[in-house]
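The values are calculated or read from the model by the stated rules, or taken from the named source; none is laboratory data. Remember, predicted model here, so these are calculated numbers, not experimental data. Don't worry about glycine lacking a Cβ; one is built from the backbone with ideal geometry, like all the others, and counts go over all protein chains shown.
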Amino acid sequence: MSEVYGESGMVQQLTTGERQNALVIIVCVFVVGIAMAAAGGSDPLGVHGVIVLLFGAGLAALVMRSYYEPEPTQDRPSHYYDDPTKVGIALTLAWAIFGMFMGVWTAAQLAWPDLAFDAPWSTFGRLRPTHTTGVIFGFGGNALIATSFHVVQRTSRARLAGQVSPWFVLLGFNLFCVLAVTGYFMGVTQSKEYAEAEWYADLWLVVVWVTYFVLFLRTIARRKEPHIYVANWYYMAFIVVVAILHIVNNLAIPVSFGQAKSYTIWAGVQDSMVQWWYGHNAVAFFLTAGFLAMLYYYLPVRAQRPIFSYRLSILSFWGITFFYMWAGSHHLHYTALPHWVQNLGMTFSVMLLVPSWASAGNALLTLNGAWQKVRDDATLRFIFVAVIFYGLSTFEGSFLAIRPVNALSHYTDWTVGHVHAGALGWVAFITFGSIYTLVPSLWKRERMYSPVLVEVHFWLAVAGTLIYVFAMWNSGILQGLMWRTYTQEGTLAYSFLDSLVAMYPYYIARAFGGLLFLLGAIVAAFNIWMTVRAVPATVDRRTDVPETGLAPGAAATPAE
Amino acid sequence: MAELFHRKLERTAIGFVVAIIAAASVGGIVEIAPLFTIHTTVEDAPDMRLYTPLELAGRNIYVREGCYACHSQMIRTLRDEVERYGPYSLAVESKYDHPMLWGSKRTGPDLARIGGKYSDFWHVAHLTNPRSVVPESNMPAYSWLARTALETEDLGRHLRAQRALGVPYTDEMIANAAGDAFGQAAPDSPFAAGVTQRYGEKTQVSGFDGVVTQLTEMDALVAYLQVLGRLTDAAYSNTAAPEQAPNPTN
């Protein structure tokens, strides 16, 4: 029965005791929802209370429906626990489509402002964080959680150290994302970029994240390997440092416990430094470290070659962990932030190129000798392009952090182009490469439903990324130059409005590039859905089990 | 040798986590902690005013609508920026800003010194439909702000929360927050006098959206936009090219 992937099959993987534990947690969530709804009333907090209690009610119904199903068999510990990863992949794709759609919409609004339809919830300012949260936390976060559960088990040759806690982490994280995004539509925001969610959602995320940390660490403690594999170093750094960043940046005092609105404890110049220390290291430890973990596992698996250099892995890991945390102040060049902090930020940003390129080089040298595979296999090509864009955007990042360069680029679309070179070219490419590697093995299929559609997705994604990034390079540099151009009489040559008018063609091109990328994600979701629906091939998976001492033959026994 | 050490380190999960925390903490501590202790980080500005309740409410609308996504409030120390927008921004100008709204992107122009540069009437027309006054603009329209009554009943709580964070609002300011918000947008009402008495003679008391009978979110947002860059004159004496602060007569 464990081969059935409805929710009843997933609940059946829990013992009666675990089902009860799950229900207790769900009831607690439900009660918190009621309390929020009661305290909030007509405040957005009240609306969020209703969302929380509906979330709890829905989950309770799922568990109750299968509550009296048979218990899992005794051989459960001799399987890896992949149900949360499967659901995590589905959520990753759902958030990808939502987040990228919001991106295309907001991009189109910059070219055609009437696409806000004169409603409060659909203006650019409210939609923009739904895009950033949707893709960074919804798409990226779910991909990280799902793959981390998969990778840590394989590289430790041990089953996840919990039955209910992986679900708590995955679903709890998604509740956070839902609260964040629905809040933005209602105007609930702290205005801290990439940390817009309000105090109660932030508190909830702390609970979820601590559970994630404990679960991950306990699974590693179960490992049958003496050494912790490189991918897990990165996952650990991702989990630990994101917790530190999240807590420090989000310290705030709510106006009252019945209101969504809060005021951050940080003010002015200190707030700017804390915010960009957070913001840049969200890039470092959410969008870099976590995805490097994927790279270090799925690249060698897909290419069937070991990582080129262990020493380079060590160098780049500690370089990234140490240097990145100094780099945030390059977001604040020429501002009221003291000069010495700007200098430190610039210096460490330039030094960051060394560990960044050590990672990229290590990955490329791993591929060296497997270039025919890169040519033939679109999935491996996703990973290859991800590495290229990782190298490119880390170089660009160090370059833009140099103060005089930043004088031109800051506040312009160049920054936006840089971010998307990283987010589309690196983060999304490595994620799709990993998912295409993972899905057939996870659902025990021989291959994806359609390799042609993987190829179609690849070229849509490449075209979309290139169009997007080239449009933003052009618009950003043009904008920066127009702002600083003087006439021969020594007056500013262009009004701000002149520079805006010059942007329109690029804004249209950018929206088109984003649309291509979104279409690619939809193709991926269709292809993966069809792969999951296909009749399982009889692939022998007996080698893909944790080491428990039990006879692996028992693994094939069905639950009934 | 180093490699040997690492081979030991990567055999212990707790040790590895501790090493990550140690390596990752240094940068933040070195760069952030001194910002609280080095006195010159934030300049002195004895004339620094506080946001009135109406301006604070307007600031919260600015936050709610995500205006910071397209407008910075930080003029950099670059010649073209100073000539385009005015004296470069000082740290003291945002010392009461929880959170700061320096921004990171200029799809629209910087707003650090927008206060007093345009009339209230222009702001209302522009927010209602930006393309009616700037045909090429790509800013969203915010016409519904003028139709939405401003929530004032909880403003005292907002001021109290701000005071808990170190903004020096007095008990009197907190007690009169709702009345002061109304009074600032109703110059002929009995509430108007208390506003300038509590927040200073330079506080702009006016009809903002042109309708004095009802206090709307448009009043609050325009009041906030009109105070931007005018809480202190420190920036005008601190710049390489000193100039007069704008003194509009609208």
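One line per residue, one yes/no per condition, for (1) in contact (Cβ under 8 Å) with a residue 60 or more places away in the chain; (2) under 24 Å from the mean Cα position of the chain (by Cα); (3) within 16 Å of residue A:433 (Cα to Cα):
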residue: A:340; (1), (2), (3): no, no, no
residue: A:363; (1), (2), (3): yes, yes, yes
residue: A:389; (1), (2), (3): yes, yes, yes
residue: A:392; (1), (2), (3): no, yes, no
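Take the residues in segment B:112-134 that are within 20 Å of residue B:93 (Cα to Cα) and within 14 Å of chain A (Cβ to nearest Cβ); name whichever of them is surrounded by the most Cβ atoms within 10 Å (Cβ to Cβ).
The initial filter retains those residues of segment B:112-134 that are within 20 Å of residue B:93 (Cα to Cα), namely B:112-117.
Still in the running and within 14 Å of chain A (Cβ to nearest Cβ): B:112-114, B:117.
Details: B:112: 25, B:113: 22, B:114: 22, B:117: 17.
Among those that are within 20 Å of residue B:93 (Cα to Cα) and within 14 Å of chain A (Cβ to nearest Cβ), it is B:112.
Name the helices (runs of 4 or more DSSP H) wholly within segment A:331-426 that hold at least 3 residues that are of a type outside the set (Ser, Thr, Tyr), more than 14 Å from chain B (Cβ to nearest Cβ) and surrounded by fewer than 23 Cβ atoms within 10 Å (Cβ to Cβ)?
On the way: elements: A:339-351, A:353-367, A:371-376, A:378-400, A:403-409, A:413-420.
In segment A:331-426, A:353-367, A:371-376, A:378-400 are the helices (runs of 4 or more DSSP H) which contain 3 or more residues that are of a type outside the set (Ser, Thr, Tyr), more than 14 Å from chain B (Cβ to nearest Cβ) and surrounded by fewer than 23 Cβ atoms within 10 Å (Cβ to Cβ).
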Among (1) more than 7 Å from chain A (Cβ to nearest Cβ); (2) surrounded by 22 or more Cβ atoms within 10 Å (Cβ to Cβ); (3) in a loop (DSSP other than H, G, I, E, B), the one test that residue B:93 misses: (3)
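When the residues of segment B:39-63 are filtered to those that are more than 12 Å from residue A:337 (Cα to Cα) and among the aliphatic types (A, V, I, L, M), which remaining residue is modelled with the lowest pLDDT? Before the answer, list the steps.
Kept after step one, since they are more than 12 Å from residue A:337 (Cα to Cα), are these residues of segment B:39-63: B:39, B:44-63.
Okay, now just the ones that are also among the aliphatic types (A, V, I, L, M), so B:45, B:48, B:50, B:54, B:56-57, B:61, B:63.
Working: B:45: 91, B:48: 94, B:50: 97, B:54: 97, B:56: 98, B:57: 98, B:61: 98, B:63: 98.
My answer is B:45.
Output the residues belonging to segment A:40-61 that are surrounded by fewer than 16 Cβ atoms within 10 Å (Cβ to Cβ) and part of a helix (DSSP H, G or I). I'd like the intermediate steps shown before the answer.
Kept after step one, since they are surrounded by fewer than 16 Cβ atoms within 10 Å (Cβ to Cβ), are these residues of segment A:40-61: A:41-42, A:50, A:54, A:57-58, A:61.
A:50, A:54, A:57, A:58, A:61 - these are the residues of segment A:40-61 that are surrounded by fewer than 16 Cβ atoms within 10 Å (Cβ to Cβ) and part of a helix (DSSP H, G or I).
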Subset tally (residues that are out of contact with any Lys or Arg (no Cβ under 8 Å at 6 or more places or on another chain), within 7 Å of another protein chain (Cβ to nearest Cβ) and part of a loop (DSSP other than H, G, I, E, B)) for segment B:54-88: 3
Output for segment B:35-53, where each listed residue is surrounded by fewer than 19 Cβ atoms within 10 Å (Cβ to Cβ), out of contact with any Leu (no Cβ under 8 Å at 6 or more places or on another chain) and more than 8 Å from every other protein chain (Cβ to nearest Cβ): B:37, B:39, B:44, B:46, B:47
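For every residue, the table says whether it meets (1) out of contact with any strand residue (DSSP E or B) (no Cβ under 7 Å at 6 or more places or on another chain); (2) modelled with pLDDT under 95; (3) within 15 Å of residue B:24 (Cα to Cα).
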| position | (1), (2), (3) |
| --- | --- |
| A:231 | yes, no, no |
| A:237 | yes, no, yes |
| A:240 | yes, no, yes |
| A:246 | yes, no, yes |
| A:253 | no, no, no |
| A:271 | no, no, no |
| A:279 | yes, no, yes |
| A:284 | yes, yes, yes |
Residue A:287 being touching a residue at least 24 places away in the same chain (Cβ under 8 Å), outside any loop (DSSP other than H, G, I, E, B), under 15 Å from the mean Cα position of the chain (by Cα) and surrounded by fewer than 24 Cβ atoms within 10 Å (Cβ to Cβ): yes
Test: residue A:304 is at the interface with chain B (Cβ under 7 Å from one of its Cβ atoms) and surrounded by fewer than 24 Cβ atoms within 10 Å (Cβ to Cβ): no
Subset of segment A:428-460 that is outside any loop (DSSP other than H, G, I, E, B) and among the small types (Gly, Ala, Ser) - its residue that is farthest from residue A:150 (Cα to Cα): A:428
All positions within segment B:145-180 that are touching a residue at least 24 places away in the same chain (Cβ under 8 Å), closer than 20 Å to residue B:223 by Cα and at the interface with chain A (Cβ under 9 Å from one of its Cβ atoms): B:145, B:148, B:158, B:162, B:167
Total residues in segment A:182-200, condition in contact (Cβ under 8 Å) with a residue 60 or more places away in the chain, crowded, with 21+ Cβ neighbours inside 10 Å and not in a loop (DSSP other than H, G, I, E, B): 3
Hey, residue B:129 in contact (Cβ under 8 Å) with a residue 24 or more places away in the chain, under 28 Å from residue A:503 (Cα atoms) and over 22 Å from the mean Cα position of the chain (by Cα) or not: no
